[in-house]
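A short worksheet on the structure shown next.
The values are calculated or read from the model by the stated rules, or taken from the named source; none is laboratory data. Everything numeric in this text was worked out from a predicted model, so none of it was measured. When we count neighbours, we look across all protein chains shown, and the Cβ atoms used for this are built from the backbone with ideal geometry, even at glycine. Each accessible area value is taken on the protein alone, full model and side chains, heavy atoms only, with ligands, DNA and RNA left out. Shrake-Rupley method; radii C 1.70, N 1.55, O 1.52, S 1.80 Å.
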Amino acid sequence: MRVIAGTYRSRQLKSFDSSHLRPTSDRLRETLFNVLSPKIPGAHFLDLFAGTGAVGIEALSRGAQDVLFVENSAPAAKLIRQNLTSLEIGSAAMVWAMDAERALEKLEQRQSEGSQPSAYDFIFLDPPYAAAEQYLQVMNFLSRASFVAEASVVIAEHTRKFELPEEFSRLERVRVLKQGDAVLSFYRQRIPR
């Protein structure tokens, strides 16, 4: 696994074999960032179910101002920290070793205290493909979260076999990209008509 473009281009990222970890492929990451790249510089990026950290690190490599990595698995969170250290990424990255729902609640609390960015520009989530309920819980939370602004983009990676709803409260799907068995569903706030 490697960083595809930007400051850390071609640098290798550590990974490990785990039945619980399914890193986003280099090809799918490249497709994702071909879509996002014009708006990445200076962006605040939230990487939920971060795994190896490859998606968030790619965002940093392409100029994101900061990335918050959320990963429930302690070994995977440690791996993210190792990858960040090997690339000498410091204050632009933060790793929270906790489950996504707890992290979202903490973000909402910090938002009310004014101790974080006012909104995340990009929120990427990639739960285990078999965890359909986690997709729905996280997307429902994000649909009402104060740190998801009108211009925020929420991207969910999922399998072709699992169809996410078109809408989650104020979030609506605006784009779908399919590659092999993987799908990227893009959501934004619904614009009142």
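Here are some notes:
- Accessible-area composition of region 56-193, carbon plus sulfur, in percent [1.4 Å probe]: 48 percent
- Rounded to the nearest 0.05, the FRET efficiency derived from the C-beta distance between ALA130 and ILE191 at R0 = 22 Å is 0.05.
- Restricting region 7-110 to chymotrypsin sites (Phe, Trp or Tyr not before Pro) in coil, as DSSP defines it, with at most 13 other Cβ within 10 Å: PHE16
- Peptide packing: for 89-95, 124-130, 50-56, the average count of neighbouring Cβ atoms within 10 Å per residue gives the ranking 50-56, 124-130, 89-95, highest mean first.
- For the Cα trace of region 77-121, dividing Rg by the Kirkwood Rh returns an Rg/Rh value of 1.04.
- The stretch between SER15 and LYS106 holds 30.0 nm of extra length on full extension. This uses 0.36 nm per residue minus the Cα-Cα distance.
- Here the Debye sum runs over all C-alpha atoms of region 46-107 as equal scatterers in vacuum, and log10 of I(q)/I(0) at q = 0.14, 0.27 Å⁻¹ comes out as -0.32, -1.14.
- Lys, Arg +1 and Asp, Glu -1 on Cβ, resulting dipole of the chain about Cα centre, debye, nearest 20: 440 debye
- Unit charges at the beta carbon, dipole of the chain: most positive-side option, LEU13, SER146, ALA131: LEU13
- DSSP finds beta bridges in region 1-150, and of those with both partners inside it, around 5 percent are antiparallel.
- In this structure, the residue pairs whose Cα-Cα separation is over 29 Å, taken from LYS78/LYS178; LYS14/LYS178; LYS39/LYS178, are LYS78/LYS178.
- Using a cutoff of 8 angstrom between alpha carbon atoms and counting only pairs six or more residues apart, the relative contact order for the chain works out to 17 percent.
- Reported value for region 102-193: 94 Å³ per residue, from the convex hull of its C-alpha atoms.
- P(r) of region 1-99 over all Cα-Cα pairs, binned every 10 Å from zero, in whole percent: 17, 55, 26, 1
- Computed per residue of the chain from DSSP H runs no shorter than four, each worth -39500 (n - 2.57), the mean residue ellipticity at 222 nm is -9000 deg cm²/dmol.
- Taking all protein chains into account, the per residue accessible area for the chain stands at 48 Å² (1.4 Å probe).
- Rounded if a/c under 1.5, otherwise prolate or oblate - region 38-78, Cα gyration tensor axes: prolate
- Taken along the Cα-to-beta-carbon direction at a fixed 7 Å, the label points for LEU177 and SER118 span 2.8 nm.
- On a per residue basis, the convex hull of the C-alpha atoms belonging to the chain measures out at 112 Å³.
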